[in-house]
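Before any comments, here is the structure.
Taken together, the values in this text are just the output of simple stated rules run on the coordinates, not laboratory data. Everything quoted here is computed from the prediction, not taken from an experiment. Quick reminder, even Gly has a Cβ in these numbers, built from the backbone with ideal geometry, and neighbours come from all protein chains shown.
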Number of protein chains: 2
Amino acid sequence: MKEKAETKLTGYLKIVEKEKKVVEDRIKKSLVGRKPESLYSPGYYVVETGGKRLRPMLILLSAKAAGGSFKDAYNAAAAVELMHNFTLVHDDIMDNAGKRRNRPTLHVKYDLSTAILAGDSLLSIAYELLIKDCNHNAAEILNAFNSGLIEVCEGQSLDKEFETRKDVTVKEYYVMIQKKTAALIETCCRIGGLLGRGSKEVVKALADFGKYAGLAFQIQDDLLDITGDEKEFGKICGGDLVEGKKTYLFLAALSKAKGNDKKKLLDVIKNKGIERKDIQTYKELYEKLGVLKDAKKEILRLSNVALKKIELLPNQEDREIFYELASSLINRNK
Amino acid sequence: MKEKAETKLTGYLKIVEKEKKVVEDRIKKSLVGRKPESLYSPGYYVVETGGKRLRPMLILLSAKAAGGSFKDAYNAAAAVELMHNFTLVHDDIMDNAGKRRNRPTLHVKYDLSTAILAGDSLLSIAYELLIKDCNHNAAEILNAFNSGLIEVCEGQSLDKEFETRKDVTVKEYYVMIQKKTAALIETCCRIGGLLGRGSKEVVKALADFGKYAGLAFQIQDDLLDITGDEKEFGKICGGDLVEGKKTYLFLAALSKAKGNDKKKLLDVIKNKGIERKDIQTYKELYEKLGVLKDAKKEILRLSNVALKKIELLPNQEDREIFYELASSLINRNK
């Protein structure tokens, strides 16, 4: 049984590895040879480091699962990764982030103006690429892509709003991550489904899978911030606490804590974060309140909802690939 | 003869006035009722002040001239204005501009993060609107819109690059304004033509009109910066010199000047601008070198090229409207 699962996993990884190279190539080529250098070199700097390329892979796998083939969606896959990188560049400015993927962020490496503009241009190239893959249903696919973008902007705005608010609830947190993270993952699955010419039901199933997997993905991200390996994760552990971010862990802890524990959490809001030396203390508080376990349970629950959605995919191999994908997302350490 | 021209002009102004209201309404409605407020109120702040709405008007007039009607292009007209405002918001950050249309710029009124994000969201809503008007040829129209956006980014990047370069030529200036200003005006005319289902020739003629009118428009803008009425123009006269911008006037002056005059101009580059008290001195230098006259000549030449392009429009009334439009652009004082 174990052996069978491993064989399948190897099969999935093989697909991803091969297709990832095609998309990598497409992403980079989309920026090479364009002028002026002052605009496109910074853009290239952002995409050259790679990253998980989760979103492009979701587009390709969705296109295949919907009845199409990978090549129906190569440009769209590259497009969505460029759009994702556009959001990262602008978010890093807003969050005053100094590092991304173990390298200086764009506005640190260059300057503010360059980063804003290079971000904008990544988005514009994303649309250019996407349109290349739209033949029979351009308006529908572009609308899906665009709705994803609108939600990402709204999610980031809520995230910024939460920074200064003192009464954010776990429910509001879900609205925020649905927009900021899950919407784009949902969009990838929907666009893949549309490009693969899936039926209405299949496209919806894929999109729903993306939505719930995206929610699980974000809570996993929150969890990894405090439990992950710094080198693997590429960010400093406990960074969310240092910045006073209202993550799942923090808001769940706040809703459970009483007395002195509650006071300690409210201090994080009051002081807009904690000092690095206090990370361990707060990690222990999270453990005491059981929110690390809560987060793990929630990730599992959401993953199961996601997997339930794709039970209607006609092809068993495709279903298995999505199972493995979901499993790799919730078991990742970076 | 004069009376006839006046009657025509009144006719044109009447069209513009009426259609402008429809587009104004469409622009504002596109942002009303959306959440979160923290994202869309700042966006609304940007568009509520109006402005010339030149770009939407060009889309509508082009749609009509191509054989369609205004209503084929209302959403596209609003879309292009939102996209234009997106570029203004981001440009104002990059240029450190404190005022726009006599009010604080967005990053001054709110903050940097809000301005970046509100700008991004204006662009995303622009795409949403545009897609609404695309029925028969979504990919072609979206490509046109998107190419315009790419060129605007490239133009802005060149403009920023010019700030620190000492050897910018008038020829390079033309490349920059073609991208930064003319490309979007060209795009408006092309999109209008496509939405009006014009023939290939008519669409090209309209696009070419837009390109040359756009070049004339930008040089007129450079000229107004130093000759315009401050209250009317909404910017401080001589602001380009204060900021050391490499405008048509400055580069033409630099290429003509000798001896001490040349040294004075090179000082502007060296010192990255001039002091406010020296504006008059430099205006006199421009007059002495004849570059204000050169600019006027160039504006007229480009306008004539633009008008030549639309001679093939089948309907005389449409041609006349474009003549009046071009004339209002080169005779404007704001």
message = With just the Cα atoms defining each centre, how far is region A:86-147 from region A:276-324? Give it in Å.
response = 28 Å
remark   = Residues A:Tyr174, A:Tyr212 in order from fewest to most other beta-carbon atoms within 10 Å are A:Tyr174, A:Tyr212
ask   = Residue by residue through region B:15-21, which ³J(HN,Hα) values in whole Hz follow from phi under the Karplus form 6.51 cos²θ - 1.76 cosθ + 1.60 (θ = phi - 60°), with glycine and proline marked x?
value = 4, 4, 4, 5, 5, 4, 5
task = Indicate the gyration tensor shape class of the protein assembly as shown (rounded, prolate or oblate), computed on the Cα atoms with a ≥ b ≥ c the square roots of the eigenvalues: a/c under 1.5 is rounded; otherwise a/b larger than b/c is prolate and the rest oblate.
result = prolate
request  = Return one number: the angle in degrees, 0 to 90 and rounded to the nearest 10, between the long axis of the Cα atoms of helix A:259-270 and the longest principal axis of the Cα atoms of chain A.
outcome  = 60 degrees
query = Rounded if a/c is under 1.5, else prolate if a/b beats b/c, else oblate: with a ≥ b ≥ c from the C-alpha gyration tensor eigenvalues square-rooted, which is region B:2-330?
reply = oblate
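Please compute the average number of Cβ atoms from other chains found within 10 Å of each residue's Cβ in peptide A:39-45. Intermediate values should be presented prior to the final figure.
On the way: counts 9, 3, 0, 1, 1, 0, 0.
Mean number of neighbouring Cβ atoms from other chains: 2.
List B:Ile59, B:Ile93, B:Ile15 from most exposed to least, where exposure is judged by having the fewest other Cβ atoms within 10 Å. Each step should come with its number before you reach the end.
Details: B:Ile59 32, B:Ile93 22, B:Ile15 16.
If I rank by nearby Cβ atoms, fewest first, I get B:Ile15, B:Ile93, B:Ile59.
Given +1 on the Cβ of Lys and Arg, -1 on the Cβ of Asp and Glu, and no further charges, what dipole in debye does region B:159-231 carry about its Cα centre, rounded to the nearest 20? The partial results should precede the final answer.
Working: 12 positive and 13 negative charges, 103 e Å.
Rounded to the nearest 20 debye, it is 500 debye.
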message = Using the basic label-point model (7 angstrom from Cα toward the beta carbon), what is the B:Asp261 to A:Lys29 distance in nanometres?
response = 5.3 nm
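For region B:101-140, take N as its residue count and report Rg(C-alpha) divided by 2.2 N^0.38 Å. Intermediate values should be presented prior to the final figure.
Numbers: Rg = 14.7 Å, N = 40, 2.2 N^0.38 = 8.9 Å.
The value comes to 1.65.
Just to check, using Stokes-Einstein with a Kirkwood Rh over alpha carbon pairs, what's the diffusion coefficient of region A:1-123 at 37 °C and 0.692 mPa s in µm²/s? Please report the intermediate quantities before stating the final value.
Values: Rh = 15.6 Å.
Result for D is 211 µm²/s.
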note = Sorted by chain and then number, the residues having a modelled amide H within less than 5 Å of the amide H of A:Lys99, at least 5 places away or on another chain, are A:Thr105
key: Contact order relative to length of region A:236-334, as percent, for alpha carbon pairs under 8 angstrom and 6 or more apart   = 26 percent
query = Distance in nm between label sites at B:Ser69 and A:Lys296, each 7 Å beyond Cα in the beta-carbon direction?
reply = 6.6 nm
request  = Report relative contact order for chain A in percent, whole number only (criteria: Cα-Cα under 8 Å, sequence separation at least 6).
outcome  = 18 percent
request  = Sort shortest first the distances from B:Lys171 to its counterpart in every other copy, using label points 7 Å along the Cα-to-beta-carbon line, and give them in nm.
outcome  = 6.6
remark   = homo-copy label distances at B:Arg319 (7 angstrom along Cα-Cβ), nm, one dp, ascending, are 6.9
DSSP-assigned coil residues among GluC sites (Glu not before Pro) in region B:196-283, each with at most 11 further Cβ atoms within 10 Å = B:Glu275
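Using the beta-carbon distance between A:Val22 and B:Leu13 and R0 = 45 Å, what value does 1/(1 + (r/R0)^6) give for FRET efficiency, to the nearest 0.05? Spell out each step's value before the answer.
On the way: r = 56 Å, r/R0 = 1.23.
It comes out at approximately 0.20.
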query = What are the label-to-label distances in nm, one decimal and shortest first, from B:Arg301 to the same spot in the other copies, with labels 7 Å along Cα to Cβ?
reply = 7.2
task = Tell me, for the rotation carrying B onto A, which chain B residue has the beta-carbon closest to the axis and what that distance is in whole Å.
result = B:Ala138, 2
Sequence of B:Asp133, B:Asp294 once ranked by neighbouring C-beta atoms within 10 Å, starting from the fewest = B:Asp294, B:Asp133
query = Using a simple charge model, +1 on the beta-carbon of Lys and Arg, -1 on the beta-carbon of Asp and Glu, nothing else, what dipole does region A:2-330 show about its Cα centre, in debye to the nearest 20?
reply = 400 debye
request  = May I ask which residue of A:Asn102, A:Ser157, B:Cys134 lies farthest towards the positive end of the charge dipole of the protein assembly as shown, with charges of +1 (Lys, Arg) and -1 (Asp, Glu) on Cβ and the Cα centre as origin?
outcome  = A:Asn102
